[in-house]
1. Test of understanding: among A:A168, A:A181, which residue is touching a helix residue (DSSP H, G or I) at 6+ places or on another chain (Cβ under 6 Å) and not in a strand (DSSP E or B)?
2. Please pick out the residue among A:S998, A:S981 that is buried (at least 22 other Cβ atoms within 10 Å of the Cβ) and in contact with a Leu (Cβ under 9 Å, 6 or more places away or on another chain).
3. Can you confirm whether A:N762 is without any contact (Cβ under 8 Å) to a residue 40 or more places away in the chain, over 30 Å from A:A680 (Cα atoms) and open to solvent by 30 Å² or more (accessible area, probe 1.4 Å)?
4. If a residue has to be surrounded by fewer than 16 Cβ atoms within 10 Å (Cβ to Cβ) and either within 30 Å of A:P884 (Cβ to Cβ) or modelled with pLDDT of 90 or more (or both) to count, how many in region A:100-125 make the cut?
5. Provide a single number: the residues in region A:888-911 that are open to solvent by 90 Å² or more (accessible area, probe 1.4 Å) and in contact (Cβ under 8 Å) with a residue 24 or more places away in the chain.
6. Check whether at least one residue in region A:198-216 is farther than 21 Å from A:P546 by Cβ, out of contact with any helix residue (DSSP H, G or I) (no Cβ under 6 Å at 6 or more places or on another chain), open to solvent by 30 Å² or more (accessible area, probe 1.4 Å) and part of a helix (DSSP H, G or I), and report yes or no.
7. Please go through region A:736-750 and give me each residue that is out of contact with any Cys (no Cβ under 8 Å at 6 or more places or on another chain) and more than 7 Å from RNA strand B (Cβ to nearest atom), ordered by number.
8. Give the residues of region A:373-400 that are loosely packed, with under 13 Cβ neighbours inside 10 Å and in a loop (DSSP other than H, G, I, E, B), sorted by residue number.
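The values are calculated or read from the model by the stated rules, or taken from the named source; none is laboratory data. Quantities reported herein were computed from a predicted structural model and do not represent experimental measurements. Note that we place each Cβ from the backbone using ideal geometry, even for glycine, and neighbour counts take in every protein chain shown. Areas reflect the complete protein model, heavy atoms only, side chains present, ligands, DNA and RNA absent. Shrake-Rupley method; radii C 1.70, N 1.55, O 1.52, S 1.80 Å.
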Amino acid sequence: MSDQQMDPRADKTADKKTYKKTLNLPKSAFPMKANLVQNEPASLKRWEKMGLYQKLREQDHANPRGRYVFHDGPPYANGSIHLGHLLNKVLKDFVVRTKTMAGYDVPYVPGWDCHGLPIEHKVMQELGDKARDMQPIQVRRKCKTSAEKFVKLQSGQMKRLLTLADYADPYLTMNPGYEGAVLEVFADLVERGVVYRGLKPVHWSIENQTALAEAELEYYDRDDTSVFVKFDRVDGRGSLMIWTTTPWTLPANLAVAVHERHDYGEYDLNGQTVIVAVELAKKVLKTDAEPKKTYKGSELVGLEYKHPFIDRVSKVVSADYVTLEDGTGLVHTAPGHGVDDYQTGLREGLDVYCPVRDDGTFDDTAPDWLQGINVWKANDLVVDKLRESGHLFHAEQFTHSYPHDWRGKSPVIFRATEQWFVSVCKEFKHDRDPEGLKSKSFIERSLNEIGFDRDNPQTDAQHEIIEAEARYQREAQEEYSRGETRPLAEKEKRQFFKELGPELQWTRAEGVRFIPKWGRNRMRGMLESRPDWCLSRQRSWGLPIPAFYPPEGVEGEPLLTPASTHAVAKLFREKGSDAWFVAPPEELLTHYDLANDKDAPVWVKSCGLGKLVPGADIFDVWFESGSSWNAVMLQRGLAKPDDASSVTDLYLEGSDQHRGWFQLSLLPCLGSQGKPPFGAVLTHGFMVAKDGRKMSKSGGNALDVDVLFKDFGADVCRWWVSGLNTDNDIKVDLEFFRLAGEEYRKVRNTIKFLLSNLDGFNFKKDKTRFEEDDAASIDAWMTHEIIKVSDTVQAAYDGFQFRKAHEALFNFCNETLSAVYLTAVKDRLYCDAPDSPRRRRTQSTIYRAATTLIRLLAPLMPHTADEAWRALMGDQESCVHLLPFQDVDCMRQIPVSPNWQAVMQARDLWLKSIEEARQAQGIDNPLDCGVRVPTIKDVACSSFDSTDLADLCGVSRFAFDDSLDAVAVDDLRDEPRCERSWKRDVTVKPRSDGGTLSDRDAKALGLT
RNA sequence: GGGCUCAUAGCUCAGUUGGCAGAGCGCACCCCUGAUAAGGGUGAGGUCGCAGGUUCAAGUCCUGCUGGGCCCA
């Protein structure tokens, strides 16, 4: 052989000319370039045209596991969808699609929250001064138009995300049927006796003149004047020093609270005697002086003092929320202006006095110099007044976190108003309770239903339950091990709990499943501290609270009974809640049978329905969305059977909804149904910027979802979501979408390569049976890798661990297929005769890999999977989304050598040695290498095919050699090289066509 | 201020009951040019947020601190 021929490049030029056309090179119509921006909308149209959602509902036979009841929480119908929606909706779609492919029927109704302040606020702003003269009904029509507009916009964006849902018939909280269903839930609560009307300080938005729920507040820092004020003792022996950051609430001061166990001292202040907590004296009075006299807080209780500028005498009371962290240890108490104050007032029998009107100005019970003055302006006036009269000790600017109206961003105040409440402490009975169970409150019920941590029981009942469960499980296991098929222990267990009485039966509830687990503790903490639910709002855009008040001159409690509520519910179903604002009261009560309503207040009968005054309050929107389990799932017949332990299987929202939708769905549902609305609660974290800090719409670091669709496509966005750890914060950056795009291309290219090697292959006709002898073949190994990835991914899907599925799928494409298997089998695919058994066996394996992989990917990238599926089937009409996951059980029968793991592990070492040897010996092309390796310990190395192993190492020759204790790499450059396969092989020799070929290649070409 | 939660390689994250710090991406070097706006190989990299404690042994358990996030006050 001449030097010329030994030059590799000379070889190549010659080979190219001669044999390229004789190879079975990959060929496919599935393009490398995805062009998602154009092709995804086409997929959407195709699915819509074929009625994919409906088709899935109809194919009962394909849903062997029954129904999976998943309920969509309604986003607010305002604005464009943002990244949070994208994350939430995509995760939900993963659930819908994975459960569907796992064999469940998963009807999924998307919904929107349409009522509420944000929309009304925006509409009012747009209307400007015109709004003043408008009737509520007119404002409502504008709001409805606005909600409809955004439902349409968001619905389009969600479809563009390729989510599978009943978009033809979504639920809107403003629809008449929905409104009626909410009132029916409310009627149930009225029936339980937990709805009451009361005066109570609530967060009050002066800007919007409405009470706000906790969920409608945002906390920002605010500068206020804080004052230290001296309240003179009635006995003339000095004064009490109090501190407040809201001087405007001083006119409503009705008490001073101290902690009974704290120490208080009398101090001299410029000749005057003042009382402050000992621990705070130095800080407040700036003095090191010792107190002249000390008291326990309990000794001060009952002490009388004079209001500094109102002719009123009040007393010192005790309260255990008094702390020594700031202030003076003596707390100004105004029951009309604070929750703690209110509680104290209730206990001490104080008035819930609130001299502030709806618009934030003082009424005529206030001192004349404050009447008509806005509370924020009053701050200065009060401070001046105190200074003039000598009651002010000190005033300073103070920055503190203060609640603001979540939309208007204006500061809110605490103000006592008449509101409708749901009591969370009042006990009631429910039909579903175990017989004999004593009445339970909402808090007790909800804490019980969210279950307890079985690893960390708290109460005696919980300990008892765990012990009993463990005991019976042990016994049952023993019975099983004795060969018992129906252990007695199961039966005994049931009997045991029955005999333990209703309390324990009730406590035994398995409880709601929380994913991640800590959701339970989080919800528990929130439930334990939750106050009564204030249901009423003083706005127009919402569902009216169906209460009727007596007309002028008639005294009595409002009419709000289960029967009257059901009657209004029926009317709303027919006419919508607009009727409340236009129809006369007798029409609103068309379906009401007053004569038979034993709950109706007496005044109603003498007064007559026509004179009733419909109330102006509407519901907290959370009550509407919190009733969706009824308005959507029960009403549409989608809920779990009546005897199930929850209404639905799963709710899935951001972790903020522990306090929001989850909790506010749990309460109404427990009241109405006596069981929780959800069997499991899955939460995800929030999007934060790259630096881990909060993303803000105004901060400019938010990404526009429409731009993402345009720049990356939905499948890439979805692939990004599938790779996230969604338990906690999720970092977002444009760069991450680019990286997801890179990964997507890798997956796509792997699929393309699979498909392109199946050109001309017909699985039914050409598939190969595996024989026992094939157990050590690379195809047998690959087949079991397919089973492995299928099992892993389906288990991950089952546990909502999409990240794990994502990782397994990516590694399968990148490592198992691309780097190992496909690289190894390229030679036989290209060079073997097209219908050689070895090539057909590999193609059969590739086909199995393709069908399994594409189906597993379908929930994550529905467009790409569908595109690939149609290419694989060669049928534009087929649709992967109508199919379940690939059944891999038939592949499990295929024999496989147990030694593959050891061989694959050894391969890493072999590759390393080859790399080192190539460097050392100056061999560029691994095909110019042959390797000899020591036999692997405990492995029957001889059963492996040396060609398979050579291909797995990318070399021309492979042999096990017992005499070696390290890998030996041989330089084969002196051996002849096959001009077709480019391998160095001992069978290479001149052939009848004039070329130099190996036996295999000569045979493939029919040469001798 | 309180409840829940997070902090591991440049980036995104795994790390089961305490037992020799892992993956992917990116990067560097090399190969292939018959997956080609592809494909393959090898390699570099970390005081596991900080400070204490328990232990033969701590990324892992405990306490405190710092800095994020959600919810509340």
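1. Numbers: A:A168 fails: touching a helix residue (DSSP H, G or I) at 6+ places or on another chain (Cβ under 6 Å).
Answer to the check: A:A181.
2. One residue alone meets the criteria, A:S981.
3. Working: without any contact (Cβ under 8 Å) to a residue 40 or more places away in the chain: yes; over 30 Å from A:A680 (Cα atoms): yes; open to solvent by 30 Å² or more (accessible area, probe 1.4 Å): yes.
It is true that A:N762 is without any contact (Cβ under 8 Å) to a residue 40 or more places away in the chain, over 30 Å from A:A680 (Cα atoms) and open to solvent by 30 Å² or more (accessible area, probe 1.4 Å).
4. Keep residues of region A:100-125 that are surrounded by fewer than 16 Cβ atoms within 10 Å (Cβ to Cβ), which gives A:103, A:125.
From what is left, the residues that are either within 30 Å of A:P884 (Cβ to Cβ) or modelled with pLDDT of 90 or more (or both) are A:103.
Adding up the residues that qualify gives 1.
5. The total comes to 2.
6. Yes, because at least one residue in region A:198-216 is farther than 21 Å from A:P546 by Cβ, out of contact with any helix residue (DSSP H, G or I) (no Cβ under 6 Å at 6 or more places or on another chain), open to solvent by 30 Å² or more (accessible area, probe 1.4 Å) and part of a helix (DSSP H, G or I).
7. To start, the set of residues in region A:736-750 that are out of contact with any Cys (no Cβ under 8 Å at 6 or more places or on another chain) comprises A:736, A:738-739, A:741-745, A:748-749.
Within region A:736-750, A:R738, A:G741, A:Y744, A:R748 meet the criteria.
8. A:S389, A:G390
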